[in-house]
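*Asks:* Here it is, the structure in full.
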Amino acid sequence: MKNRFDGKVVVVTGAAQGIGRGVALGAAAEGGKVLFVDRADFVAEVAAEAPGGRGGENAAGFVADLETYEGARSAMAFAVEKFGGIDILINGVGGAIRMRPYAEFEPEQIDAEIRRSLMPTLYACHAVLPHLLARGGGTIVNVSSNATRGIRRVPYSAAKGGVNALTTALAMEYAEHNIRVVASAPGGTKAPPRRIQRNAAGDSEQEKIWMNEAVQQVTDSSFFKRYGSLDEQVAPILFLASEEAGYITGVVLPVAGGDNG
């Protein structure tokens, strides 16, 4: 598709790597003015790859820790200052930190999973609402997961279940203000090696075994018996964010090869 985001200001969180990076670059390629938000300082390098990104006219990077409310608030404020408003928010921050049986999680590790995969979306949705209301409407796309059913990542699954509930409840509450809220629920996705690892402490040999068990479950649960590609995840998200999906709200779209979670 071409130019689906002409005249639109798009904020993409988690834009430095993976699905978020692909979504942000895709929205920019289709004419959007895009703010690439991430806590990784190389997010500005990624934004510079976008059309109009080198000079910052149509794309810019912004470093923020979205596990804090101030990070979310400051990102939205910068987008408004830079581009004059916000039309679309795509929440891409999240990802399991550890893979292990639930009984093996320490309490602080449970908290960390919730902070990583629920709070950034919860905070960003709240922080963007005043700007969407000022615009007379807009769209929020949350990147959830089909891992609401899966093994070795129960806290992450619970966080993504929260994202799903947030999506449906917020859509119902703000439809009267012309705000759509939808979600994509990716399954296992092949991606280039991460520049910042999901678990900064590294995985033990036992954790690697548990990780392989989770990977096998995800593969076996897909009807196609494979992981999806980044392009196969990016395209549905851009569709949901576009006006082509203008009568779709309050839904979570599984993009997981038949494993709906």
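*Asks:* What whole-number value in Å² describes the accessible area per residue of the chain for a 1.4 Å probe? If you can, show how the numbers build up before the last one.
*Replies:* Working: 11790 Å² over 261 residues.
For the chain, the solvent-accessible area averages 45 Å² per residue.
*Asks:* The stretch 111-213: which chymotrypsin sites (Phe, Trp or Tyr not before Pro) are DSSP loop and have at most 10 other beta-carbon atoms within 10 angstrom? It would help to have the intermediate numbers written out before the result.
*Replies:* On the way: sites: Tyr123, Tyr156, Tyr174, Trp210; in loops: none.
Those that pass, being in a loop and sparsely packed, number zero.
*Asks:* Which is the longest part of the chain that has none of the trypsin sites (Lys or Arg not before Pro) sitting in a DSSP loop with at most 16 other Cβ atoms within 10 Å?
*Replies:* On the way: sites that count: Lys2, Arg54, Arg149, Lys190, Arg194, Arg195, Arg198, Lys225, Arg226.
That gives 55-148 as the longest site-free run.
*Asks:* While we're looking at this one, here's another question. What base-10 log of the normalised intensity I(q)/I(0) is obtained for the chain from the Debye formula, alpha carbons as equal point scatterers, at q = 0.13 Å⁻¹?
*Replies:* Log10 of I(q)/I(0), two decimals: -0.77.
*Asks:* Ignoring ligands, DNA and RNA, what percent of the 1.4 Å accessible area of the chain is carbon and sulfur?
*Replies:* Numbers: 6330 of 11790 Å².
Answer for the chain is 54 percent, counting heavy atoms of protein chains only.
*Asks:* To the nearest 0.05, how large is the calculated FRET efficiency for Glu244 and Ala191 if R₀ is 22 Å and r is the Cβ-Cβ distance? Please report the intermediate quantities before stating the final value.
*Replies:* Details: r = 25 Å, r/R0 = 1.16.
Computed FRET efficiency for Glu244 and Ala191: 0.30.
*Asks:* Now, a different point. Under a plain spin-label model, where a point goes 7 Å from the Cα along Cα-to-Cβ, how far apart in nm are Arg198 and Ala169?
*Replies:* For the pair Arg198/Ala169, the computed spacing is 2.6 nm.
*Asks:* Over what distance in Å are the Cα centres of the stretch 2-66 and the stretch 240-255 separated?
*Replies:* 20
*Asks:* Taking 0.36 nm per intervening residue step and subtracting the Cα-Cα distance, what contour gain separates Ala134 from Asp231 on full extension?
*Replies:* Values: separation 97, 0.36 × 97 = 34.92 nm, distance 3.28 nm.
Residue separation times 0.36 nm, minus the Cα-Cα distance, leaves 31.6 nm.
*Asks:* Measure off 7 Å from each Cα along the Cα-to-Cβ vector at Lys82 and Asp65, then give the distance between these two points in nanometres to one decimal.
*Replies:* 2.0
The values are calculated or read from the model by the stated rules, or taken from the named source; none is laboratory data. Quantities reported herein were computed from a predicted structural model and do not represent experimental measurements. Note that we place each Cβ from the backbone using ideal geometry, even for glycine, and neighbour counts take in every protein chain shown. Accessible surface is based on the protein model in full, side chains and every heavy atom, while ligands, DNA and RNA are left aside. Shrake-Rupley method; radii C 1.70, N 1.55, O 1.52, S 1.80 Å.
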